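Notes follow the structure.
The values are calculated or read from the model by the stated rules, or taken from the named source; none is laboratory data. Everything numeric in this text was worked out from a predicted model, so none of it was measured. In this analysis, Cβ positions are derived from the backbone assuming ideal geometry, glycine residues included, and neighbour counts consider all displayed protein chains.
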Amino acid sequence: MQKFQRVRGMRDFLPSDAAKLRHVEAATRTVADLFGFKEIITPLVEHYDLLASKSGEEITARMYAFDDLGGRKIALRPEFTASIARLIATTLRNEPKPLRLYSTGTLYRYDEPQFGRYREFWQSNYEIFGSNRPEADVEILSLTHQLMQRLGVRKFWFKIGDVSILRGLLTEEEVEEEQQNSLLQLLDAKRWEDGLETAKSFGVSTRGIEALKNIFKIEEGKAAKALQKAKKALSDYASGISATENLKHIIDLCKRSGIDIDLIVEPRFARGLEYYTGMIFEIFIPEMGISLGGGGRYNKLVQMFGGEPTPAVGVAHGLDRITLALEKQDNSPKISRQIAVMVPIGEKSVLKAIELASQLREVGISVEMEIMGRTVTRALQDADRRNATHAIIIGQKEIAEKKVVLRNLRTRQQRLISIKKLFVELAK
């Protein structure tokens, strides 16, 4: 008989793994509520052209794409934002702004599986549509900061930049947008020398190449110093200077409003998605060399999908990676809940045991029925293996007295109590 293995890059979540993932997801929902974001659910499958239009060459090449039975080219979503921008351009185009939207679920990219990188992965996604003000950028940064704190992630920091620092220079050098995108892909991969050679091939002037060289030398650092160096490097490029001032304003708003975010500024910073137009950022911890999430501003995306000009800013958090971060920091949630195992003694007690289990569930008490016909001793041993907290033992004698034996599986103490009192005890 053929034995099947799971598809490479996919995962099976066993109960303990699923519980950890759902714990992180629950925190993202709590934060969404706290910041006034409303949940939307978009299809797992979208038209290929929609997803490929502005996702970037690197991601497009890794999409799960295929023709459906109707001959249409479709793909599994590699990220959320394109689907949501489609909604903003169509169904939600007349909704009052700003729109604060939240999504969570699985995404798919044909990457090489490695630590923290899977072909099926989970994200939470937050987007604000309709505001071009820096307060919206700060809101996204603050939301991410609060999520990390709520989950107990330690020593995390933000790497922040502004893609228009580079785009501004390249635009003034009359480099076309598609060429800019290919150059930024190289910078996202930290291929600085290749980036300079590519800029030269696109006709960037000697002055522009020198400015790019100076920007590439500015490694991540504290905001004031890094931005001062960037402004000096961009002294001949007004739009690049304007971008550094915008980024400084966002950072100042964070600090002056009391949001204690650990920020590292990197003017040469770029991200893989092509639609970013302004502030960009990612989140890191010391124990992992990959980001836990990231986002930024994309003011032109909705318009590219046929909608009205709509400024937007958002962030996606890697739920798998946050779960790994908590494990790396030995800070995984201790997930436990009260579970009672109902153990009938003999066939004649089964009916009453089922009835009582049903009544307990109706008031919100978790009950697992013993359905293997085990002896009481074996049933209690199995309940221990399943991390149950209590066992309810009921036989004909107990039924006649309207009582049960309640055994605390943690303390090993048991007593005979009335059925009425059982509800009170398990509700504690």
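Annotation: of all residues in region 23-82 being outside any helix (DSSP H, G or I) and among the aromatic types (Phe, Trp, Tyr), the one that is surrounded by the fewest Cβ atoms within 10 Å (Cβ to Cβ) is 66. None of 250, 264 is over 20 Å from the mean Cα position of the chain (by Cα), assigned to a strand (DSSP E or B), over 18 Å from residue 185 (Cβ atoms) and in contact (Cβ under 8 Å) with a residue 24 or more places away in the chain except 264. When 264, 241, 280, 218 are checked against the criterion of being under 15 Å from residue 162 (Cα atoms), touching a strand residue (DSSP E or B) at 6+ places or on another chain (Cβ under 7 Å) and surrounded by fewer than 23 Cβ atoms within 10 Å (Cβ to Cβ), a single residue qualifies: 264. The residues of region 329-365 that are among the small types (Gly, Ala, Ser), closer than 19 Å to residue 414 by Cα and under 35 Å from the mean Cα position of the chain (by Cα) amount to a single one, 340.
Just name the residue that is surrounded by the most Cβ atoms within 10 Å (Cβ to Cβ) out of those in region 109-124 that are touching a residue at least 60 places away in the same chain (Cβ under 8 Å) and in a strand (DSSP E or B). Filtering first and then ranking leaves 124. Determine whether residue 335 is aliphatic (A, V, I, L, M) and surrounded by fewer than 20 Cβ atoms within 10 Å (Cβ to Cβ). Judged against the criteria, residue 335 is a match. With the condition kept exactly as written, say whether any residue in region 167-186 is in contact with a strand residue (DSSP E or B) (Cβ under 7 Å, 6 or more places away or on another chain) and either surrounded by 22 or more Cβ atoms within 10 Å (Cβ to Cβ) or not assigned by TED's automatic domain parsing to the domain that holds residue 39 (or both). Scanning region 167-186 turns up no residue that is in contact with a strand residue (DSSP E or B) (Cβ under 7 Å, 6 or more places away or on another chain) and either surrounded by 22 or more Cβ atoms within 10 Å (Cβ to Cβ) or not assigned by TED's automatic domain parsing to the domain that holds residue 39 (or both).
Can you find, within region 316-360, the residue that is farthest from residue 394 (Cα to Cα) among those that are in contact (Cβ under 8 Å) with a residue 24 or more places away in the chain and among the β-branched types (Val, Ile, Thr)? Taking the candidates together, the pick is 322.
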